[in-house]
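The values are calculated or read from the model by the stated rules, or taken from the named source; none is laboratory data. Note that the coordinates shown come from a computational prediction; the quantities given were computed from them, not determined experimentally. With ideal geometry, Cβ positions are generated from the backbone for all residues, glycine too; neighbour counts draw on all protein chains shown.
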């Protein structure tokens, strides 16, 4: 059983990264930079890479726009696009204050997935203006990662851009969280001996992450009637007093209210959790958001993920004492961390390598099963149901499964064999890590 930790101890521990961040961010003045990938043997080579030689690739692309993937790095460029309206746990802090987060995301993209990602902060809160800005910038990129955009406009932005662009558009707060959570559910259910299409789910919180998770669970085989969702006002159901307001202002939540909750439950969080097999919370930080006595009334052995940061909705030891067999959080200092970083680098790696035109729900579900399989091969335990970032083999394997799904769905511009996909992903990811290590070794990245 995990050691009981007080809020004060957690907050004290949490200060260390923040203190280091205030020293090291100004030390490096950012986390990512541009470095050449072509040979520069002497200054004559600039005649190849720039004028006059560069005119020939330009003409070739003008005749056949698909040649842009052959002559440029477009197929490995991803924009991390944000308006800064819902940054981490900081809320609406704006595009300038959100830039360090997007740089950090770009760093994870490169080191974990070998993806050349760039922060793209957009100074507007209007969703249509944001969409237009991304569309204007899209010729440069092979993919768009939407990040830290407030709900519900994040759904509208994602849906529009997926429909209107011929490159993959992804919202990590939605699809990334859904993928890694589904992976945890898959393996958690194996440990408790239950089946995905038979269990009853309670979903606590109806923001971007859980709305996408519900859609993902349904596509993965969970009957909609087996899902009971809760927002800040209680269980979602067709008879709520605010149902017409939801229909007008949040059609995504309205759809959940109308199509899930086959038992027709009404009431609060405690009523939603009662007799469910799996509880997934992405709501208000705890402790105490979810009460131990509510968890005791689940259908045990149960699976629970309390994903709020910095403090989960309920402490792990309280959930365990209440009968939960498999418990996960969003924190790295507790077992079973539900970490988006296990998803997006590998998902984009596979998507970009076959030059897919979009990222479908089926692709991120394929990623979830790949993540789950890597953990299963290493040996499932109650405290190990998903890999950690140290299990680096998850990324090329995940990339392979995603790429194969894109080919199967007919949305890949480039067809490759399973072996070719895996070897390319593995080589690209290894190269990115080795490059970073070499730059530190030879002093191009100074150690603090």
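Of the residues making up segment 295-318, just one is in a helix (DSSP H, G or I) and under 22 Å from residue 198 (Cβ atoms), namely 295.
Filtered by the rule that a residue be out of contact with any strand residue (DSSP E or B) (no Cβ under 7 Å at 6 or more places or on another chain), crowded, with 24+ Cβ neighbours inside 10 Å and part of a loop (DSSP other than H, G, I, E, B), segment 325-363 gives a lone residue, 343. State whether one or more residues within segment 220-243 are without any contact (Cβ under 8 Å) to a residue 24 or more places away in the chain, in a helix (DSSP H, G or I) and surrounded by fewer than 17 Cβ atoms within 10 Å (Cβ to Cβ). Checked against the condition, which is being without any contact (Cβ under 8 Å) to a residue 24 or more places away in the chain, in a helix (DSSP H, G or I) and surrounded by fewer than 17 Cβ atoms within 10 Å (Cβ to Cβ), segment 220-243 yields at least one hit.
Scanning segment 278-314 for residues that are farther than 23 Å from residue 233 by Cβ and buried (at least 24 other Cβ atoms within 10 Å of the Cβ) gives 302, 303.
Answer yes or no as to whether residue 389 is in contact with a helix residue (DSSP H, G or I) (Cβ under 8 Å, 6 or more places away or on another chain) and either within 24 Å of residue 333 (Cβ to Cβ) or without any contact (Cβ under 8 Å) to a residue 12 or more places away in the chain (or both). Considered against the rule, which asks whether it is in contact with a helix residue (DSSP H, G or I) (Cβ under 8 Å, 6 or more places away or on another chain) and either within 24 Å of residue 333 (Cβ to Cβ) or without any contact (Cβ under 8 Å) to a residue 12 or more places away in the chain (or both), residue 389 comes out as yes. Is at least one residue of segment 128-142 in contact (Cβ under 8 Å) with a residue 60 or more places away in the chain, surrounded by 18 or more Cβ atoms within 10 Å (Cβ to Cβ) and either in a helix (DSSP H, G or I) or in contact with a helix residue (DSSP H, G or I) (Cβ under 9 Å, 6 or more places away or on another chain) (or both)? Yes - at least one qualifying residue is present in segment 128-142. Of the set (1) in a loop (DSSP other than H, G, I, E, B); (2) surrounded by 11 or more Cβ atoms within 10 Å (Cβ to Cβ), all apply to residue 37 but (2). Please count how many residues of segment 261-272 are farther than 12 Å from residue 226 by Cα and part of a helix (DSSP H, G or I). Of the residues in that region, 3 qualify. Taking (1) in contact with a strand residue (DSSP E or B) (Cβ under 6 Å, 6 or more places away or on another chain); (2) not in a loop (DSSP other than H, G, I, E, B) in turn, residue 367 satisfies each apart from (1). Of everything in segment 196-210 that's at pLDDT 95 or above and touching a helix residue (DSSP H, G or I) at 6+ places or on another chain (Cβ under 7 Å), which residue is farthest from residue 303 (Cα to Cα)? Applying the filter and picking the extreme gives 204.
Any residue in segment 23-35 that's at positive phi: show its pairings with residues that are surrounded by 10 or more Cβ atoms within 10 Å (Cβ to Cβ) at Cβ separation under 6 Å, as long as the two are six or more apart or on different chains. Qualifying pairs under 6 Å: 30/103.
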